[in-house]
Amino acid sequence: DTGVSQNPRHKITKRGQNVTFRCDPISEHNRLYWYRQTLGQGPEFLTYFQNEAQLEKSRLLSDRFSAERPKGSFSTLEIQRTEQGDSAMYLCASSYWTGGNTEAFFGQGTRLTVV
Amino acid sequence: AQRVTQPEKLLSVFKGAPVELKCNYSYSGSPELFWYVQYSRQRLQLLLRHISRESIKGFTADLNKGETSFHLKKPFAQEEDSAMYYCALSSNAGNMLTFGGGTRLMVKP
């Protein structure tokens, strides 16, 4: 499968623990996006990168959330001191942007459960 | 602030019946509108976008700026159309998408 890959697919953690998710975009894609989806809702935009630069992070839900894309390839999303309200599906998407809106390809997501 | 509303959580129709999934948006500028679809146990994927004016899998959607709507239509539903459908808006070049809450389409035999 040469699409966007996310790991792990499922994560169960205890409240207060830190978790990190990984996203591997389609190899030639320069833009990478993170979304969160809670039950019964559509995806909610969190942050995005162009190559290694994080161009928008004001939508990250709190200062417990952070994301990196150190070499402009894969990205990680970290949640510190998890809370039960963080339980959700975390989606990654990538696109090859040259100006204008291009198609974003989504991964299958990481489902986080905080107990 | 931009917002996308899909008023129906569930739409159930019989095979061969027409389908219309409603989408309304609020945005002061010139948005780009999209429909994404998620089939069972598959990832979210783009179905169509308003700027391409295409018909994909028999679906069409027309952007109505006066009514701020982007309803998805198909004249004859098929069982394989059963899925979650999300309307989304982008305010600029960058795929920072604002999604609606989604509509589950069930096509009964």
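The values are calculated or read from the model by the stated rules, or taken from the named source; none is laboratory data. The model shown is predicted, which means the values in this text are computed figures rather than measured ones. Positions of Cβ are generated from backbone atoms using ideal geometry, with glycine treated the same way; all protein chains shown enter the neighbour counts.
Within the stretch A:44-66, track down each residue that is of a type outside the set (S, T, N, Q) and more than 11 Å from the chain's Cα centre (by Cα). Can you show your working first?
Taking the stretch A:44-66 and keeping what is of a type outside the set (S, T, N, Q), we get A:44-46, A:48-49, A:52-53, A:55-57, A:59-61, A:63-65.
Within the stretch A:44-66, A:Glu52, A:Ala53, A:Leu55, A:Glu56, A:Lys57, A:Arg59, A:Leu61, A:Asp63, A:Arg64 qualify.
Give the residue that is farthest from A:Gln6 (Cα to Cα), with candidates limited to residues of the stretch A:49-61 that are at pLDDT below 90 and part of a loop (DSSP other than H, G, I, E, B).
Once the filter is applied, the top-ranked residue is A:Ser58.
May I ask you to verify whether A:Thr82 is modelled with pLDDT of 95 or more, over 23 Å from B:Leu89 (Cα atoms) and not in a loop (DSSP other than H, G, I, E, B)? Before you say what the answer is, go through the steps one by one.
Working: modelled with pLDDT of 95 or more: yes; over 23 Å from B:Leu89 (Cα atoms): yes; not in a loop (DSSP other than H, G, I, E, B): no.
No.
Hey, among A:Thr82, A:Thr110, which residue is under 16 Å from the mean Cα position of the chain (by Cα), surrounded by 14 or more Cβ atoms within 10 Å (Cβ to Cβ) and closer than 17 Å to B:Gln42 by Cβ? Break it down stepwise before answering.
Working: A:Thr82 fails: closer than 17 Å to B:Gln42 by Cβ.
Testing whether each residue is under 16 Å from the mean Cα position of the chain (by Cα), surrounded by 14 or more Cβ atoms within 10 Å (Cβ to Cβ) and closer than 17 Å to B:Gln42 by Cβ leaves just A:Thr110.
Does at least one position in the stretch B:95-108 carry a residue that is outside any helix (DSSP H, G or I), without any contact (Cβ under 8 Å) to a residue 40 or more places away in the chain, buried (at least 21 other Cβ atoms within 10 Å of the Cβ) and on the phi < 0 side of the Ramachandran plot? Give the derivation first.
Kept after step one, since they are outside any helix (DSSP H, G or I), are these residues of the stretch B:95-108: B:95-108.
Those left that are additionally without any contact (Cβ under 8 Å) to a residue 40 or more places away in the chain: B:95-96.
From what is left, the residues that are buried (at least 21 other Cβ atoms within 10 Å of the Cβ) are B:95-96.
Adding the requirement that they be on the phi < 0 side of the Ramachandran plot leaves B:96.
Within the stretch B:95-108 (the criterion being outside any helix (DSSP H, G or I), without any contact (Cβ under 8 Å) to a residue 40 or more places away in the chain, buried (at least 21 other Cβ atoms within 10 Å of the Cβ) and on the phi < 0 side of the Ramachandran plot), the answer is yes, since at least one residue qualifies.
Residue under question is B:Asp62, and the condition is that it be among the charged types (D, E, K, R), farther than 27 Å from A:Arg36 by Cα and out of contact with any helix residue (DSSP H, G or I) (no Cβ under 9 Å at 6 or more places or on another chain); does it hold?
Numbers: among the charged types (D, E, K, R): yes; farther than 27 Å from A:Arg36 by Cα: yes; out of contact with any helix residue (DSSP H, G or I) (no Cβ under 9 Å at 6 or more places or on another chain): yes.
The answer is yes for B:Asp62.
Would you confirm, using the coordinates I've provided, whether B:Ser52 is among the polar types (S, T, N, Q), over 11 Å from the mean Cα position of the chain (by Cα) and away from every other protein chain (no Cβ under 14 Å)? First the steps, then the outcome.
Details: among the polar types (S, T, N, Q): yes; over 11 Å from the mean Cα position of the chain (by Cα): yes; away from every other protein chain (no Cβ under 14 Å): no.
It is false that B:Ser52 is among the polar types (S, T, N, Q), over 11 Å from the mean Cα position of the chain (by Cα) and away from every other protein chain (no Cβ under 14 Å).
Give the number of residues within the stretch A:11-49 that are out of contact with any Leu (no Cβ under 9 Å at 6 or more places or on another chain) and among the acidic types (Asp, Glu).
Count: 2.
Any chance you could count how many residues in the stretch A:1-36 are away from chain B (no Cβ under 14 Å) and part of a loop (DSSP other than H, G, I, E, B)?
Count: 8.
For A:Glu68, all conditions in the list (1) more than 14 Å from every other protein chain (Cβ to nearest Cβ); (2) in contact (Cβ under 8 Å) with a residue 60 or more places away in the chain; (3) among the charged types (D, E, K, R); (4) surrounded by 14 or more Cβ atoms within 10 Å (Cβ to Cβ) hold save one; what is the number of the exception?
A:Glu68 satisfies all of (1) more than 14 Å from every other protein chain (Cβ to nearest Cβ); (2) in contact (Cβ under 8 Å) with a residue 60 or more places away in the chain; (3) among the charged types (D, E, K, R); (4) surrounded by 14 or more Cβ atoms within 10 Å (Cβ to Cβ) except (2).
Looking at A:Thr38, A:Thr98, which one is within 26 Å of B:Gln2 (Cβ to Cβ), over 15 Å from the mean Cα position of the chain (by Cα) and among the hydroxyl-bearing types (Ser, Thr, Tyr)?
A:Thr98
Yes/no per residue for (1) within 14 Å of another protein chain (Cβ to nearest Cβ); (2) free of Cβ contacts under 8 Å to residues at least 12 places away in the same chain:
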{"position": "A:Asp63", "(1), (2)": "no, yes"}
{"position": "A:Arg81", "(1), (2)": "no, no"}
{"position": "A:Gln84", "(1), (2)": "no, no"}
{"position": "A:Gly107", "(1), (2)": "yes, no"}
{"position": "A:Arg111", "(1), (2)": "yes, no"}
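Criterion first (within 30 Å of A:Arg9 (Cα to Cα) and buried (at least 17 other Cβ atoms within 10 Å of the Cβ)) does B:Gln38 satisfy it? Spell out how you get there, then give the answer.
Numbers: within 30 Å of A:Arg9 (Cα to Cα): yes; buried (at least 17 other Cβ atoms within 10 Å of the Cβ): yes.
Considered against the rule, which asks whether it is within 30 Å of A:Arg9 (Cα to Cα) and buried (at least 17 other Cβ atoms within 10 Å of the Cβ), B:Gln38 comes out as yes.
Which residues, taken from the stretch B:55-94, are out of contact with any Gly (no Cβ under 8 Å at 6 or more places or on another chain), crowded, with 20+ Cβ neighbours inside 10 Å and within 11 Å of chain A (Cβ to nearest Cβ)?
Hits for the stretch B:55-94 are B:Leu89, B:Ser90, B:Gly94.
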